[in-house]
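As C-alpha cells, the structure follows; a few thoughts come after it.
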Amino acid sequence: MAVEEKTTAYRIYLVAFVIVIMACAVVVKLTNIQWVEGDYYRKMAKDKSVKSFVIPANKGNLYSADGSLLATSIPNYDIRFDAVAPKSSDFKDNISGLCDSLSIMFEKPKSFFQLELTKARNDKNRYFLVARGLSYTEYIRIKSFPLFNKGAFKGGVITEQKTVRKYPIGNIAGRTIGYERIDDKGKPDGKGKGIEQAYSKYLNGKDGKIMKQKIAKGQWKPLRDENEVDPQDGYDVIATIDVYIQDIAHHALLKQLEYYQADHGCVVVMETKTGAIKAISNLGRDSEDGAYYETVNYAVTEAHEPGSTFKLLDLIALLDDKKIDTSAVFDSHGGRVMYRGYAVNDSHKGGYGIISLARGFEQSSNTVMVQAVYNNYKNEPEKFVNRINSYGLNKKLGLPFAGEGKPYIPQPSEKTWSAISLPWMAFGYGVAVTPLQTLSLYNAIANNGEMVKPMFVTEVKEWNKTIKKFDKQVINPKICSDETLLKVKAVLANVVKRGTGKKLYSKDFSMAGKTGTAQVDYNKGEGKLYYASSFVGYFPADNPKYSCIVIIHKPNVAQGYYGADVSGPVFKRIAQKIFTDSPTTNEIKNLKKKNQIQERNYNAYAEIEGSKSITIPNVKGMAGMDAIALLENLGVKVKVIGLGKVKKQSLNPGERLDRTKTITLELS
C-alpha cells in the first residue's frame, strides 16, 4: 500500500513538474512575443488592418494659345457611411437632422434616408453608399451635415476621391491633345498619346498619401480626416493650338473628306516665324458607320511617298548649286521619258511640249523635273542627296510624341541604290516623309530660309508663374541663298496664279504653294495602290504668316483625285477664313466668331455631360475675354473687375452650375 502511495506521489510530482515547465515556457514565449518579437507582430497586425493609399494629384490644365481650355481635371467624391462608428446617442440625436439635410440636397423624401440609414445601422453596414460623383462644393457641403460633421470615427463619414479628366472642346484636335492611359493599379502605363502623355511630367503633379483602416473585406476608411501627405497639383501647359484656327481647319477637312468619300486625311497650320502648330486635324473614316473620327495622328506618324510636293527640293538644289536657271528649256517628249526601261509619265496626256524649268514646275511636269535633276546630278547624286539630308528629311523631326513616322531617303552609299533611284526621287517616289516634314520644308521658304521644328507647347505655368518656356528650335538656319529664295517664291506663287493650282487663285488675297498627287502603296508591297492628294504652301504669298499642308488619302476617283481638286480647296478655305477674319482686318468679327465656336463646343459638352452634372469650370489663369465667353455660354452671369487674366473667381470650380447666380472674376 505504501508503495502504491509512493508511486502516486511521484506521478503527481511529475505532472506538477511538467505543468510548471509548460507554464515557464508560456511565460518565456509571451515575454519573447511582447519584448523580442513584439514589433514584428504588431507591424504584421497593422499591415493587415491599416494601409497607406495614394491620393492622386489633380492634373494641371491644358490651355490653347488663345487661353481656351483644352483639358482639365474635375475632382469627384463618393460619400459612404460607417453605420457602426457613431455612438448610439450620437446616431439617435443626429439622424433626423442628417436625413433632413440629405433630403434637401438630393431632392428625395426624408423618410427614404431615415429608412436606409437606420437599416444600415441595424445591419452593421460599415460601407453604405450615400452619394456618388459629388463636386468639391457638394463634398464640403455634405461634410457639414449633422453627424457627418463629427468626422470619420465619430460621425462615420467615409470620403473617396477620384479625378475625372474632361475635354471641353470635344474631339476637335483630340489626337494631338491626347490622353494618358492608366493601368489596373491606377498608374500611368506610358502608352498614352499626344500632349497629355508627352508633357505628363509637368501636368501630373505629385500624389499624396492617406492611411486607411480595414473595416471589412475590400472596404477601408480613413484613420483620420487629414492626409498623411497632401497631393501637389500639376502645372498648367500652354499649347500652341488656336481654337479658332483649329475649328476652321477641322471643318474644312471634314467637309472635303465627306464629299470625296476619302479614307483619311490630315491638315496642319503652322506659324511661319516660330513653327508653332496653330491647328492640326487628323480624321479617319470608320468602317462601320462611315463617320470620321480622330483615331490616328497621321500628320505625325504617317510617312509615305509625297509625289510632286517633293519637287520643291529639285528646284532649290538646281538653283542654289547654280546648275541651271528657271529659264532653262526642256522637251517634255510627249509626256514620256525612259530610264533603264522604266517610264516617267506626265499626268497631262501628250506632255507640255518644250517649256522652261519654271513652267515645268508650275505645271508639275514629271518629265521636265526628272530630266533637270538627272542630267545635272547623275554623276554626283550624293550632292543632291546631301542637300536633302542637311534639311533633316532623312531622319525623324524628334517630336515629343510617341510613334513618329520614320522617313526614308535613299543614299548613294547604300546597296539598295540603283540607276533609277535619282530620277524617281526627282518626282517624289522611292522616298518617304511625314506631312510635318514636308510642311517644315515649305515653311522654311516662307520664313526666308530658316527651317524650324514644329512646336506644340510654348510654356509650362503655375498660375501666373512661368516654370518653363519652349522657344523655337532651328533645324537649318539657311536652307539656300536669298537669290534662290526669291526665284522659288515667285514660282510657288505662279503655281496658284497660272499653274496646277490656278483654280485656287483669288484676287482678294495671295497664296503660294504646290499641288501633289501620288500613288501610294496602301498595303506596303502588295501592289494595292491608291491616290494621295495634297497641297502645301503658305499665305499671304508676299508676307507669309502661316504655312499649311493638306493631304487626303484614297478619294473616290470617280469624283477626282488631283491635289488641286481634292486638297487645294481645303487650303484655300482655311487661308481665306483666317485672312478675312484676322484681328488686324476685323477685330469684332473675329471675336464674335471665336465666341460662336466656343458656344458650340461647350453646348455640345453640356449635352454630353447632362445638364444636372455641369459644374462651374476653373477659369483661373485664362484670358478675361475667354473666361467671360466660356461662362456666359454656359448661362452664368458674369461680373468683371480689372483687366488681363483671371486671378480669382467668386464661385468655386466644381460647384454645381446655378444660372441664377452671378460669378465675379478678378483680373490682373
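At a glance:
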quantity: Members of segment 172-185 that are modelled with pLDDT of 80 or more and not hydroxyl-bearing (Ser, Thr, Tyr); calculated: Ile172, Ala173, Gly174, Arg175, Ile177, Gly178
quantity: Selection status of Pro412, open to solvent by 10 Å² or more (accessible area, probe 1.4 Å), modelled with pLDDT of 95 or more and either farther than 28 Å from Gly501 by Cβ or of a type in the set (Val, Ile, Thr) (or both); calculated: yes
quantity: Members of segment 424-445 that are more than 32 Å from the chain's Cα centre (by Cα), surrounded by 24 or more Cβ atoms within 10 Å (Cβ to Cβ) and assigned to a helix (DSSP H, G or I); calculated: Met425, Ala426
quantity: Some residue of segment 480-487 being touching a helix residue (DSSP H, G or I) at 6+ places or on another chain (Cβ under 7 Å) and under 19 Å from Ile549 (Cβ atoms); calculated: no
quantity: Complete set of residues in segment 191-215 that are out of contact with any Phe, Trp or Tyr (no Cβ under 6 Å at 6 or more places or on another chain), modelled with pLDDT under 90 and either part of a helix (DSSP H, G or I) or open to solvent by less than 30 Å² (accessible area, probe 1.4 Å) (or both); calculated: Gly208, Ile215
quantity: Count of segment 47-93 residues which are part of a strand (DSSP E or B), more than 24 Å from Ala131 (Cβ to Cβ) and basic (Lys, Arg); calculated: 1
quantity: Segment 94-143 - residue that is assigned to a loop (DSSP other than H, G, I, E, B) and over 18 Å from Asp82 (Cβ atoms) and, of those, most open to solvent (accessible area, probe 1.4 Å); calculated: Glu107
quantity: Candidate set from segment 220-250 (those that are of a type in the set (Phe, Trp, Tyr) and under 21 Å from the mean Cα position of the chain (by Cα)); member that is most open to solvent (accessible area, probe 1.4 Å); calculated: Tyr235
quantity: Per-region count, segment 221-230, residues among the charged types (D, E, K, R) and in a strand (DSSP E or B); calculated: 1
quantity: Scan of segment 560-580 for residues that are open to solvent by 10 Å² or more (accessible area, probe 1.4 Å) and not in a loop (DSSP other than H, G, I, E, B), ordered by number; calculated: Ala564, Asp565, Pro569, Lys572, Arg573, Gln576, Lys577, Ile578, Phe579, Thr580
quantity: Residue match in segment 381-396 (condition: open to solvent by 40 Å² or more (accessible area, probe 1.4 Å), assigned to a loop (DSSP other than H, G, I, E, B) and farther than 17 Å from Gln437 by Cβ); calculated: no
quantity: Every residue from segment 540-571 that is more than 22 Å from Thr434 (Cβ to Cβ) and out of contact with any Ser or Thr (no Cβ under 7 Å at 6 or more places or on another chain); calculated: Asn543, Asn556, Val557, Ala558, Gln559, Gly560, Asp565, Pro569
quantity: Qualifying residue in segment 517-527 (condition: open to solvent by 10 Å² or more (accessible area, probe 1.4 Å) and touching a helix residue (DSSP H, G or I) at 6+ places or on another chain (Cβ under 6 Å)); calculated: yes
quantity: Selection count where residues are open to solvent by 90 Å² or more (accessible area, probe 1.4 Å) and either touching a His at 6+ places or on another chain (Cβ under 6 Å) or under 17 Å from Lys322 (Cα atoms) (or both), scope segment 479-509; calculated: 3
quantity: Residue in segment 60-77 that is within 25 Å of Leu117 (Cα to Cα), at pLDDT below 95 and more than 28 Å from the chain's Cα centre (by Cα) present; calculated: no
quantity: Condition check for Thr301: surrounded by fewer than 22 Cβ atoms within 10 Å (Cβ to Cβ), at pLDDT 95 or above, in contact with an Asp or Glu (Cβ under 9 Å, 6 or more places away or on another chain) and of a type in the set (S, T, N, Q); calculated: yes
quantity: Filtered residues of segment 47-82 (kept if among the hydroxyl-bearing types (Ser, Thr, Tyr) and farther than 24 Å from Lys124 by Cα); calculated: Ser52, Tyr63, Ser64, Ser68, Thr72, Ser73
quantity: Among (1) among the aliphatic types (A, V, I, L, M); (2) open to solvent by 40 Å² or more (accessible area, probe 1.4 Å); (3) closer than 15 Å to Asn171 by Cα - the single one Leu253 does not satisfy; calculated: (2)
quantity: Selected residue (criterion: modelled with the lowest pLDDT) from residues of segment 621-650 that are in contact with a Leu (Cβ under 9 Å, 6 or more places away or on another chain) and part of a loop (DSSP other than H, G, I, E, B); calculated: Leu643
quantity: Within segment 269-285, considering residues that are under 11 Å from Phe456 (Cβ atoms) and aliphatic (A, V, I, L, M), the one surrounded by the fewest Cβ atoms within 10 Å (Cβ to Cβ); calculated: Ala276
quantity: Number of the exception - Ala343 against (1) without any contact (Cβ under 8 Å) to a residue 40 or more places away in the chain; (2) open to solvent by less than 50 Å² (accessible area, probe 1.4 Å); (3) of a type outside the set (Asp, Glu); (4) closer than 23 Å to Val491 by Cβ; calculated: (4)
quantity: For Phe330: the one exception among (1) surrounded by fewer than 16 Cβ atoms within 10 Å (Cβ to Cβ); (2) touching a residue at least 24 places away in the same chain (Cβ under 8 Å); calculated: (1)
quantity: Conditions (1) under 20 Å from Gly428 (Cα atoms); (2) free of Cβ contacts under 8 Å to residues at least 40 places away in the same chain; number of the one not met by Asp482; calculated: (1)
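Here is a yes/no grid of residues against (1) aliphatic (A, V, I, L, M); (2) within 30 Å of Ile172 (Cβ to Cβ); (3) open to solvent by 50 Å² or more (accessible area, probe 1.4 Å):
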site: Ser287; (1), (2), (3): no, yes, yes
site: Asp325; (1), (2), (3): no, no, yes
site: Leu357; (1), (2), (3): yes, no, no
site: Asn366; (1), (2), (3): no, no, no
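The values are calculated or read from the model by the stated rules, or taken from the named source; none is laboratory data. Keep in mind that this is a model prediction, so the values were computed, not measured. Neighbour counts are summed over all protein chains in view; Cβ atoms, including those assigned to glycine, are modelled from backbone coordinates with ideal geometry. Keep in mind that these areas ignore ligands, DNA and RNA; they rest on the heavy atoms of the full protein, side chains included. Shrake-Rupley method; radii C 1.70, N 1.55, O 1.52, S 1.80 Å.
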